[in-house]
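Contents: one structure, followed by commentary.
The values are calculated or read from the model by the stated rules, or taken from the named source; none is laboratory data. Note that the structure is predicted; figures quoted are calculated from it, not measured. Here the Cβ is made from the backbone with ideal geometry for all residues, glycine too, and neighbour counts use every protein chain on show. Side chains included, ligands, DNA and RNA excluded: accessible areas come from the protein's heavy atoms. Shrake-Rupley method; radii C 1.70, N 1.55, O 1.52, S 1.80 Å.
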Amino acid sequence: MGLTWRDLVSSAALVAMILAYTSLETGPGLVLLTSAWTTSAVELVLGAVCAVTAAADLHTRPQPRAGRIVRRITTVLGSIALLAGLAGLAGNNAHAVEILVVDMTFLWLAATLWHVQSIGSQA
């Protein structure tokens, strides 16, 4: 399988997530990102783009045992990210946004490493 265009899209979404969170933490930045609530909404959308593009093949294709393990890891990370994003929305909580961004970074890393590991395979 190897790296795909989806890895580029998920990487761009992750960079946008990190920049959005940095904008929230550094103070007055973009108008849309002035509160944890709005930043959490933006992060949830970007996180969905990142997760779907990074890990879609893990969840839609038959996988060997190692792939099933990575699938479970990305499922848990995605669930944690979703809960953190919803907590950020419900509680206007910047710490929940931070958890969302860090968690999505690990989800992206797991999926990308799986793609790198599978370079040259026939999957």
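Looking only at segment 93-101, decide whether some residue is of a type in the set (S, T, N, Q) and open to solvent by less than 70 Å² (accessible area, probe 1.4 Å). Yes: one or more hits. Does residue 105 meet the test of being part of a helix (DSSP H, G or I), open to solvent by less than 80 Å² (accessible area, probe 1.4 Å), β-branched (Val, Ile, Thr) and under 14 Å from residue 6 (Cβ atoms)? So residue 105 fails the test.
Okay, residues lined up against (1) of a type in the set (Gly, Ala, Ser); (2) out of contact with any Cys (no Cβ under 9 Å at 6 or more places or on another chain); (3) open to solvent by 10 Å² or more (accessible area, probe 1.4 Å):
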site: 6; (1), (2), (3): no, yes, yes
site: 11; (1), (2), (3): yes, no, yes
site: 37; (1), (2), (3): no, yes, yes
site: 41; (1), (2), (3): yes, yes, yes
site: 44; (1), (2), (3): no, yes, yes
site: 58; (1), (2), (3): no, yes, no
site: 67; (1), (2), (3): yes, yes, no
site: 78; (1), (2), (3): yes, yes, yes
site: 85; (1), (2), (3): yes, yes, no
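Only a single item in (1) closer than 14 Å to residue 17 by Cα; (2) open to solvent by 30 Å² or more (accessible area, probe 1.4 Å); (3) not acidic (Asp, Glu) is not met by residue 50, and it is number (2).
Look through 38, 22, 53 and report the one residue that is modelled with pLDDT under 85, of a type in the set (S, T, N, Q) and in a helix (DSSP H, G or I). After applying the criteria, what remains is 53.
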